[in-house]
Amino acid sequence: MKGKVISKPLEARKASPLIVSLSAVFLGIAAGCLFILCIGKNPFAGFERILFGALSNTRRVGNTLGMSTQLILIGLSVAFAFKTGLFNIGASGQMLMGGITGSMLAYYLPMDMPRVIYLAIVIVASMAAGAVWGFISGFLKAKFNVHEVVSTIMLNWTAYWIVYDFIPRFIVDPTISVKSKPIETAHTLRADWITDLTGFSTMNYGFFLAIIMCIVIWFVLEKTTLGFNLKAVGANKFCAEYAGIKVNRSIMVSMAIAGALASLAGLTYYCGYSNIMEMGKMPNEGFDGIAVALLGNCSPIGIFFSAIFFGILKMGRGSLAATGIPTEIADTIIATIIYFTATNVILANFWNGLFKSRFERNEARCRAAMDAHGDKRSLEALSHDEFNAYAKEGKALMKEGK
Amino acid sequence: MLGIRKEFPGIVANDDITLQVEEGEIHAILGENGAGKSTLMSILFGLYHADKGVIKVRGKEVHIKDPNDAFDLGIGMVHQHFQLVHNFTVAENIIMGKEGGFVYDIKKASKKIKEISERYRLSIEPDMVIEDITVGMQQRVEILKMLYRDADILIFDEPTAVLTPQEIDELMEIMRNLSAEGKSIILITHKLDEIKKVAKRCTVIRRGKLIDVVDVASTSVEDMAAAMVGRPVSFKVDKSPCHPGDPILEIENLSVMNSKGVLGVKGFSLTLHAGEIIGLAGVDGNGQSELIEAITGLRKVESGTIRFNGKDITHMSIAERNDLGLGHIPEDRQKRGLILSAPLTSNMVIKEFTKSPFSSHGLLDYLAIREYSENIIEKFDVRSGEGADSLAGKLSGGNQQKAIIGREITADPDLLIAVQPTRGLDVGAIEFIHKQLVEERDRGKAVFLVSFELDEIFNLSDKIAVISGGELIDIVDTTETDEHAVGLMMAGIRKGER
């Protein structure tokens, strides 16, 4: 069996998710160009500013990666739930739960604790808080058939008000009463060597945690029975049930893991990227993460790159002001990309049509060349190499004919 | 329909097919699944458009863009799945879409319906509500709907799949009446005896090509079958007498709720022994699904017990039952049986991926999974484009079913529950699957077969259990009964009541 090549029948290729995502990005940027043109500015100057603002020096690169950190983790959270057929729209609330847990531990744990132990405790504790938050939605879905979209949105607001209450009660900044007291750097995820390397950027250990999580989630989904189990439930709940998989348990596990990932994002956001929490603020990143997951086709590697791409847009837009282009253009581009990603079927059909017509042209060329050679075989009998060679020859033949 | 050609990506569904139906004729179209019958009819009904060829109705060339055009030309179709609103009356259903103006006159319509019903001896009352009448009557409502719209070319798509033998006879009679009144009927089916009973001529299609147009009266059933499949077929399943062993499955006084919250299975008792096939006969929707779901653990049991190999499994989880050796070929292969978006490899181990050798310590062993899958694919002749890597959804229905049966049999269960194992499959695949089921029996396994096809029940079963209204009507030896007797029992009539 080894080394046996499975011969695929000759047929036009299909659009891969990568092509679809890249065309969505392309169309989004094109739309952005159009908008900038409409207000009478130079789109190239605009994009130059965005790239400048996001990547022109180590500090800016660091800030972009710092911003991308949350997006990677939220993207993973949303994608992981997606794979099990669930829509986690509650990443914002889970972020808040992770953030408040981390912030309170940062405030109350002794400063002279060894750093490694301290970090281990906050990471585990805040992930646990998010896991509980996600689990509640999973539990409600499994036991009472409450749709997760409803329960996660509800829990977003529960988390919002918990934070609203906990900040003044436990960790208030005596000077500004609507904010928490800034966390000492030693108790954030920041590291001196990263801060030095990137000229005091917001980048922190969270970025590496995000990379590790990408690998872990990829491993869980692709290599473990747990991943198999969850994917089976996501792909066909009825078949999973029939096969003896405990569907309800899977839903709860999946939501708990998704919640843990999102709350880890909250930790990196409030105790790394920033060092305070504000009362009455729902983090937008929870929703941006949905776009990240969609654009990344729910694969960890895709999410990594799409998060960095969104990070660039979000960090770079600040520099747009100098050109007179409104900074909202970056959000418009993101929104347009989401539209195009959501209509991925249309994009895939476009590419499939293109590939098909090209294939049919080659087929016609191939037939012409075969006729010229007196080759009586059917097209299906040809190997890919033969097909390509004939097609090339046929192209020349047809040109002469004209 | 002359020289019709229709291509779909990758296949030619209809290749230069000509179909000529005369006025007042009952014309059958015979072909295996996927032969192109449905495509041809969809073109006639305006659901698809032909790539080549012309359609002529009463000698005039026509272009049928959509079903409304078809209606206007007097073409009507009785679908396999009825298109009726359940809590509406017969008359309301029939005039739907033809109310004529803002205020409709139901009395006038009812009168017309009654007239038509009497003329064709359909015996349908316009005031009855759909959910109160039998499946056979619902079908006649569908027919009435076509007649109400003055259709004179009627297409019947597999009309007998949901009927009891008696209802089938009635339908055949109605078809004859219709044709006597000058209506043309196109009957799509793969059941040869029905063609033999009513049709005058028969167009045989194989793999999208027109094979032959035969005169039914002068052609034998065997010849028609051979034309359809392309080789001689045997209808009888070769099987030795059965040697029942120990009881494998014992169901005692089982009651199960259906999805509407009323008892779908009522006090059902049955014992199935090793080395025995029991066929459960019954009209669709009489508690079969609920019974099977209760045995396999998909549905909660209300009261009663289920014992498997002597163990009480009434309240066990599905996984525990699977582990004890219960195999299940589910009724809906695409909903329950397979994950269509996943490759065959995953599908073949969907029940066992947590066990050795497919995984250890929670990590999957893809090599072992692949080897196991390829073994099943080879042994059960599952044909697919890319071998074990093919997505299950890309396989044809027959190959999907072979994959499921391969998975279930390879797991070596003591009890194999096969629900509608051959539904929608072609003759070749049916032969293969029947052989596998009998082989399982001969290896000393118990087989519980549920089917709506009486032929299948009679061919395979050692004993026949009949279910009606969720109750066991009787259980009889196959050799001591006939289709007529079973048909009566399917209608809920017990032995003494005749």
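The values are calculated or read from the model by the stated rules, or taken from the named source; none is laboratory data. Small disclaimer: the values here were computed from a predicted structure and weren't measured. Every residue, glycine as well, gets a Cβ built from its backbone with ideal geometry; the counts of neighbours run over all protein chains shown.
Give me the residue from segment B:43-89 that is closer than 21 Å to B:GLN138 by Cβ and without any contact (Cβ under 8 Å) to a residue 40 or more places away in the chain and, out of that set, surrounded by the fewest Cβ atoms within 10 Å (Cβ to Cβ).
Restricting to residues being closer than 21 Å to B:GLN138 by Cβ and without any contact (Cβ under 8 Å) to a residue 40 or more places away in the chain, the top hit is B:HIS81.
Look through segment A:230-248, keep the residues that are more than 7 Å from chain B (Cβ to nearest Cβ) and not in a loop (DSSP other than H, G, I, E, B), and return whichever of them is nearest to B:LYS351 (Cα to Cα).
My answer is A:ALA240.
Here are some conditions: (1) within 19 Å of A:ILE123 (Cα to Cα); (2) in contact with a strand residue (DSSP E or B) (Cβ under 9 Å, 6 or more places away or on another chain); (3) of a type in the set (A, V, I, L, M, F, W, C); (4) buried (at least 21 other Cβ atoms within 10 Å of the Cβ). A:ILE276 meets all but one. Which one does it not meet?
Here A:ILE276 meets the rest and fails (4).
Restrict the check to segment B:110-125 and report whether at least one residue is among the β-branched types (Val, Ile, Thr), closer than 18 Å to B:GLU170 by Cβ, at pLDDT 85 or above and in contact with a strand residue (DSSP E or B) (Cβ under 8 Å, 6 or more places away or on another chain).
no
Among the residues of segment A:315-332, how many are of a type in the set (D, E, K, R) and touching a residue at least 12 places away in the same chain (Cβ under 8 Å)?
Matching residues across segment A:315-332 total 2.
Restricting the search to segment B:346-373, which residues are farther than 17 Å from B:ASP389 by Cβ and facing another protein chain (nearest Cβ under 8 Å)?
Hits for segment B:346-373 are B:LYS351, B:THR354, B:SER359, B:GLY362, B:LEU363.
Filter segment A:374-402 for residues that are surrounded by fewer than 10 Cβ atoms within 10 Å (Cβ to Cβ) and either free of Cβ contacts under 8 Å to residues at least 40 places away in the same chain or not charged (D, E, K, R) (or both) and give the result.
A:GLY374, A:LYS376, A:ARG377, A:SER378, A:ASP385, A:LYS399, A:GLU400, A:GLY401, A:LYS402
Do we find that A:ILE74 is of a type outside the set (D, E, K, R) and farther than 30 Å from A:TRP157 by Cα in this structure?
no
Within segment B:411-433, can you find the residues that are touching a residue at least 40 places away in the same chain (Cβ under 8 Å) and farther than 21 Å from B:VAL283 by Cα?
Scanning segment B:411-433 gives B:ALA411, B:ASP412, B:PRO413, B:ASP414, B:LEU415, B:LEU416, B:ASP426, B:VAL427, B:GLY428, B:GLU431, B:PHE432.
Just to check your reading of the model, which residue among A:ALA235, A:ALA258 is among the small types (Gly, Ala, Ser) and surrounded by fewer than 22 Cβ atoms within 10 Å (Cβ to Cβ)?
One residue alone meets the criteria, A:ALA235.
Report, by residue number, each residue of segment B:374-387 that is part of a helix (DSSP H, G or I), more than 9 Å from chain A (Cβ to nearest Cβ) and crowded, with 19+ Cβ neighbours inside 10 Å.
The initial filter retains those residues of segment B:374-387 that are part of a helix (DSSP H, G or I), namely B:374-379, B:387.
Among the residues that remain, those that are also more than 9 Å from chain A (Cβ to nearest Cβ) are: B:375-379.
Once the filter is applied, which keeps residues that are part of a helix (DSSP H, G or I), more than 9 Å from chain A (Cβ to nearest Cβ) and crowded, with 19+ Cβ neighbours inside 10 Å, segment B:374-387 yields B:ILE376, B:ILE377.
I'm trying to understand the selection: among the residues of segment A:212-229, which are within 12 Å of chain B (Cβ to nearest Cβ) and among the aliphatic types (A, V, I, L, M)? So that I can check it myself, show each step before the final result.
Keep residues of segment A:212-229 that are within 12 Å of chain B (Cβ to nearest Cβ), which gives A:219-229.
Across segment A:212-229, the qualifying residues are A:VAL220, A:LEU221, A:LEU226.
Restricting attention to segment B:309-345, report how many residues are among the basic types (Lys, Arg) and more than 10 Å from chain A (Cβ to nearest Cβ).
1
Out of curiosity, is B:GLY275 more than 8 Å from every other protein chain (Cβ to nearest Cβ), in a loop (DSSP other than H, G, I, E, B) and at positive phi?
yes
Within the group A:ILE176, A:ILE183, which residue is assigned to a loop (DSSP other than H, G, I, E, B), in the same structural domain as A:SER306 (by TED's automatic domain parsing) and touching a helix residue (DSSP H, G or I) at 6+ places or on another chain (Cβ under 7 Å)? So that I can check it myself, show each step before the final result.
Values: A:ILE176 fails: touching a helix residue (DSSP H, G or I) at 6+ places or on another chain (Cβ under 7 Å).
Answer to the selection: A:ILE183.
Restricting segment B:388-407 to residues that are surrounded by 19 or more Cβ atoms within 10 Å (Cβ to Cβ), under 21 Å from the mean Cα position of the chain (by Cα) and not aliphatic (A, V, I, L, M), which is farthest from the other protein chains (Cβ to nearest Cβ)?
So, considering only residues that are surrounded by 19 or more Cβ atoms within 10 Å (Cβ to Cβ), under 21 Å from the mean Cα position of the chain (by Cα) and not aliphatic (A, V, I, L, M), the one farthest from the other protein chains (Cβ to nearest Cβ) is B:GLY398.
Quick check on segment A:279-309: of everything there that is of a type in the set (Val, Ile, Thr) and in contact with a Ser or Thr (Cβ under 7 Å, 6 or more places away or on another chain), which residue is surrounded by the most Cβ atoms within 10 Å (Cβ to Cβ)?
A:VAL292
For segment B:278-308: of the residues being in a loop (DSSP other than H, G, I, E, B), within 14 Å of chain A (Cβ to nearest Cβ) and in contact (Cβ under 8 Å) with a residue 24 or more places away in the chain, which is surrounded by the most Cβ atoms within 10 Å (Cβ to Cβ)?
B:GLY297
Quick one: A:ILE346 ticks every box in (1) more than 17 Å from the chain's Cα centre (by Cα); (2) within 25 Å of A:THR58 (Cα to Cα) bar one, so which box is it?
Status for A:ILE346: all satisfied but (2).
Applying the selection to segment B:175-200, what residues are surrounded by fewer than 17 Cβ atoms within 10 Å (Cβ to Cβ) and not charged (D, E, K, R)?
Hits for segment B:175-200 are B:ASN177, B:ALA180, B:GLY182.
Need the failing condition index for B:PRO159 against (1) under 24 Å from the mean Cα position of the chain (by Cα); (2) surrounded by fewer than 17 Cβ atoms within 10 Å (Cβ to Cβ), just the number.
Exception for B:PRO159: condition (2).
Taking the conditions exactly as written (touching a residue at least 40 places away in the same chain (Cβ under 8 Å), on the phi < 0 side of the Ramachandran plot and under 16 Å from the mean Cα position of the chain (by Cα)), does A:GLY206 satisfy them or not?
It is true that A:GLY206 is touching a residue at least 40 places away in the same chain (Cβ under 8 Å), on the phi < 0 side of the Ramachandran plot and under 16 Å from the mean Cα position of the chain (by Cα).
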